[in-house]
Amino acid sequence: MPIREILTYPDPFLKRVAKPVTEFGPALDELIADMADTMWDEPGIGLAATQIGVDLQLFVYDLEVSRDHERVGVVCNPKFTLMEGEESDEEGCLSVPGYTAAVKRSARVVMEARDRSGNPIKVDATGLLARMFQHETDHLNGILFIERLSPLKRGMFIRRFKKLQARGDA
Ligand code: K2U
Ligand code: ZN
């Protein structure tokens, strides 16, 4: 399946609130396969449709980087029905290459969504799975992890990005 281009900061498409998935079937399955191949090519453990310029509430994930299409997780139209606790951990993003920072997120989430066939799913998650669910769902709501940093740290990122851009390195 073709590897797609991943949009990077400050592409305005990454700020878009994506549209719900309403059509389930072969076309969606083909998009999912492209997204999984693109994710594994990086490699990443998650990838949102908006990161490849597709306006859909859809992300794929594979914490083991199995490179097995039978094992890839698929989430459509995610909603959190429970978000509790707080945990800070280092994050990176395929759309913000070369930068990592500690991000505060909920320690536990219950996510309700649809699977690739449109069937309802409900996942109670903690740890890296919970963090990845929140990171990818943020993407589908036009939010990058850098927007969850303190104003001071976000300012430092923007100044660093502008310096790299001026040097032609970003
Ligand atoms: O959405 C993305 O940009 C892929 C993210 C997913 C992610 C970010 C932070 C925390 C969990 C998941 C990553 O760039 S994938 C790279 C990665 C690999 C191992 C562990 C964490 C992140
Ligand atoms: Zn990301």
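Between the amide H of V103 and those of D89, E90, E91, distances stay under 5 Å, these residues lying 5 or more places away or on another chain, with hydrogens modeled in the peptide plane. With each label modelled as a point 7 angstrom along the Cα→C-beta vector, the N119-E30 pair spans 2.5 nm.
Solvent-accessible surface of the chain, averaged per residue with a 1.4 angstrom probe and all protein chains in place: 53 square angstrom. In this rough spin-label picture, where each label sits 7 Å from Cα along the Cβ direction, the F80-I143 distance is 0.7 nm.
Accessible surface of the stretch 12-167, 1.4 Å probe: 51 percent of it comes from carbon and sulfur atoms.
In order along the stretch 47-63, the phi-based Karplus estimate (6.51 cos²θ - 1.76 cosθ + 1.60, θ = phi - 60°) of 3J(HN,Hα) comes to 7, 9, 4, 5, 5, 10, x, 10, 8, 9, 6, 8, 9, 10, 8, 6, 5 Hz; Gly and Pro are listed as x.
Computed over the alpha carbons of the chain, Rg followed by Dmax gives 15.8, 49 Å.
Only lysines eight or more places from K153 in sequence, or on another chain, were considered; those with a Cα closer than 18 Å are K104, K162, K163. If a spin label sat at a point 7 angstrom from the Cα of M1 along the line to its beta carbon, the backbone N atoms of the stretch 102-130 nearer than 12 Å would be those of 116. Residues considered: I143, I158, I52. Largest GNM mean-square fluctuation over the chain, using C-alpha springs under 10 Å, is found at I158. So what's the back-of-envelope 222 nm ellipticity for the chain, counting only DSSP H runs of four-plus at -39500 (n - 2.57) apiece and dividing by all residues, rounded to 500? Result for the chain: -9000 deg cm²/dmol, rounded to the nearest 500.
Take the Cβ-Cβ distance between A170 and V110 as r, set R0 to 41 Å, and report the resulting FRET efficiency rounded to the nearest 0.05. Computed FRET efficiency for A170 and V110 comes out at 0.65.
Shown are F59, F24, whose ranking by accessible area with a 1.4 Å probe and every protein chain present, most to least, is F24, F59. The length gained on full extension between M156 and V54, counted as 0.36 nm times the residue separation minus their Cα-Cα distance, comes to 33.7 nm.
The values are calculated or read from the model by the stated rules, or taken from the named source; none is laboratory data. Keep in mind that this is a model prediction, so the values were computed, not measured. FYI the Cβ positions are ideal-geometry reconstructions off the backbone, even for glycines, and counts take in every protein chain you see. The area values use the complete protein model at the heavy-atom level, side chains included, leaving out ligands, DNA and RNA. Shrake-Rupley method; radii C 1.70, N 1.55, O 1.52, S 1.80 Å.
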